[in-house]
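What follows is a set of notes on a single structure, which appears directly below.
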Amino acid sequence: MAGETPLDFRTHPKAYRHWRLEVVGERADLTLDVDETGGLRSEDYALKLNSYDISVDIELRDAVERLRFEHPGVKVVVLRSAQEKVFCAGANIRMLASSSHAHKVNFCKLTNETRNAIEESGRLAGQYYLAAVNGACAGGGYELALAADEILLVDDGSSAVSLPEVPLLAVLPGTGGLTRVIDKRRVRKDRADVFCTTEEGVKGQRAVDWGLVDSVAAPSDFDSAVDARVAALSARSDRDGEAQGIVLAALERTATGRNLRYPALQMDVESEGRWATLRSFGPERAPPASPRALVDEGHENWFLQWSRALDDALLHLRFNEPEVGLLLLETQGDPELLLAHDAFLAAHADHWLVREIRLQVARTLRRLELTSRSLFALAPPGSAFAGTFAELAWAADRFYMGDGVFEDVDAPASQLRISEASFGYYPTTNGETRLQARFRGESSAVGRAREHLEKPLEADAARDLGLVTATFDDIDWEDELRVLIEERASFSPDALTGLEANLRFGGPESLASKIFGRLTAWQNWIFQRPNAVGAEGALRKYGSGQRARFDKARV
């Protein structure tokens, strides 16, 4: 593989080396106890003081997802540490110093996506997180606490929260840390400036007064204070404490060379590795007859199979195939069955598992848009851009549709079918629908599209509604696409990443869109500067007893 280290994002609590998950009734404890020798490159660094690398985040991502699906009765998750006097020291500095630039940026991106999922859990699904900070909480460790709905800090005279990256390492606090301090916790600007440039951080009542944590408790009262906050958060939750979850069985995946095959998805990498085709397969049977049947179906539900496969393939591409710069999104299946599955979600929107499935699909579609790849959706005859699959077309940078029946192709003319899913099921990073983002400034165009709900739209009709970039007939389809794909693959990936980020994420800002926009623009740049990663830079000199030497010129 082209990536520096092949990563597998599939795991299970029994395989965790860094986290411990315990569930009792309506409460879960997710305890961080990092195995110092269990990092991705243990020969290069030790994960001391509950510091983390991608291996720790892979487990956290898995645990957050399992808590939603396997433990729907859990109303509060307590994030805590098993190590004395330390909650989490943040991202491992030796890892940051020795990793490639691409790995660092993708690592920060996955970290923030997981933090976003934690925040969504309470806001949209009633499963709240309490960070029980029982020791030093620095950098990425404080970012983890910031993702929780509440932060309780032990008041022992030494434990503090801090974002010390600027004075210590000459980098930003993962970007998400700064944004959450200002936009989520609404810390006063001057206090935030002092906090983010102070190595030792802030502790005790001062941390409460500044808004950096919600409450403090003495060591002797800490456990009872945790219990009290769990009770208060549980009272806010709308989750059914008696609900029975589903087991997220190991994701089925077969690898052949660089290609991957899942039951609901196939990924094929072009021979030179410049682009890959992600072909999504629609359901082969009708949706469940009832929510009870949906629970019985469990992880074999088509929506879960497809979204989990797409999520895994995207992470694989992001970390293991960095030179694949263009994703061709194709679909196959029965449009009527796709619409029927969408209708089932709409009819049972209040059921806990339906809610979680829709939120899971929404998170996966956002990861698609944030994966820093060009996206072309292709609809030749026989494709199935219907219902939820139409969101793949709206997510793409361009959407090309075949016009009419093609000679020597035993398939009906390409059709587009819009469902209610495109009008609010799966919000983008800034909270808009993808059709709103497509037709910014043309609200009437969204209304016109809605007038054709579930109607078969062939190439001419879809083009007239502004829903496709271009249509090609049998004669031109292969030649036109070959030129367009080759052209895209020839451009600078750096220029394309900036271009796509600017074009995809216009409109209003949200906490998440600010985090990822600033991550791309600032952390991406700072991680390449000599002041951070040069021979005399802060990341290289950290722990050596020598001070970093900075180029003092402002850029």
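The values are calculated or read from the model by the stated rules, or taken from the named source; none is laboratory data. Model, not experiment: these values are computed from the prediction. Neighbour counts run over all protein chains shown; Cβ positions are idealised from the backbone, glycine included. Heavy atoms of the whole protein, side chains included, go into the accessibility calculation; ligands, DNA and RNA do not. Shrake-Rupley method; radii C 1.70, N 1.55, O 1.52, S 1.80 Å.
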In region 18-135 the accessible area split gives carbon plus sulfur, as whole percent at 1.4 Å, a share of 49 percent
Stretch gain in nm, segment Ser224-Gln244, where the contour uses 0.36 nm per residue and the Cα spacing is subtracted: 4.4 nm
For a quick check of your reading of the filter: which GluC sites (Glu not before Pro) in region 362-428 sit in a DSSP loop and have no more than 14 other Cβ atoms within 10 Å? Glu407
If each part is reduced to its alpha-carbon centroid, region 308-375 and region 215-279 end up apart, in Å, by 14 Å
Taking the Cα centre as origin and putting +1 on Lys and Arg beta-carbons and -1 on Asp and Glu beta-carbons, what dipole magnitude results for the chain, to the nearest 20 debye? 2320 debye
Counting only protein heavy atoms and rolling a 1.4 Å probe, one gets per residue an accessible area for region 388-486 in Å² of 46 Å²
Round to a whole number: what % of the accessible area of region 385-539 belongs to carbon and sulfur, probe 1.4 Å? 49 percent
Go through Lys75/Lys104; Lys75/Lys189; Lys14/Lys48 and tell me which ones have a Cα-Cα distance over 30 Å in this structure. Lys75/Lys104; Lys75/Lys189
Taking the square root of 5 times each eigenvalue of the Cα gyration tensor, what semi-axes in Å does the equivalent ellipsoid of region 466-528 have, largest first? 32, 17, 6
In degrees from 0 to 90, rounded to the nearest 10, what is the angle of the helix 101-125 Cα long axis to the longest principal axis of the chain? 90 degrees
Note the angle between two axes, namely the Cα long axis of helix 222-236 and the longest principal axis of the Cα atoms of the chain, as a number of degrees from 0 to 90, rounded to the nearest 10. 30 degrees
When the charge dipole of the chain is computed with +1 on Lys and Arg Cβ and -1 on Asp and Glu Cβ about the Cα centre, the Cα farthest towards its positive end, among Phe423, Thr179, Gly441, belongs to Thr179
What spacing in nm lies between the two simple spin-label points modelled at Arg188 and Gln546, each 7 Å away from Cα in the Cβ direction? 4.2 nm
Qualifying GluC sites (Glu not before Pro) in region 25-131, DSSP loop, other Cβ atoms within 10 Å at most 10: Glu43, Glu84
If every Lys and Arg gets +1 and every Asp and Glu gets -1 at its Cβ, then about the Cα centre region 219-351 yields a dipole, in debye to the nearest 20, of 200 debye
Take the alpha carbon atoms of region 483-516, find their center, do the same for region 1-73, and report the distance between the two centers in whole angstrom. 30 Å
Cα pair distances in region 243-390, grouped into 5 Å bins until the bin that holds the longest one, percent each: 2, 9, 19, 22, 20, 14, 9, 4, 1, 0
Output needed for the chain: three equivalent-ellipsoid semi-axes, defined as square roots of 5 times the C-alpha gyration tensor eigenvalues, in descending order, whole Å. 41, 28, 21
Long-range amide H partners of Ile418, meaning residues 5 or more apart or on another chain whose placed amide H is closer than 5 Å, are Gly387, Glu454, Lys455
As computed over region 131-209, the Cα convex hull volume per residue (Å³): 79 Å³
Can you give the charge dipole size of region 300-364 about its Cα centre, rounded to the nearest 20 debye, using +1 on the beta carbon of Lys and Arg and -1 on the beta carbon of Asp and Glu? 260 debye
In units of 2.2 N^0.38 Å, the Cα radius of gyration of region 334-464 is 1.06
With all protein chains present, calculate the accessible area of Ile475 using a 1.4 Å probe and round the result to the nearest 10 Å². 140 Å²
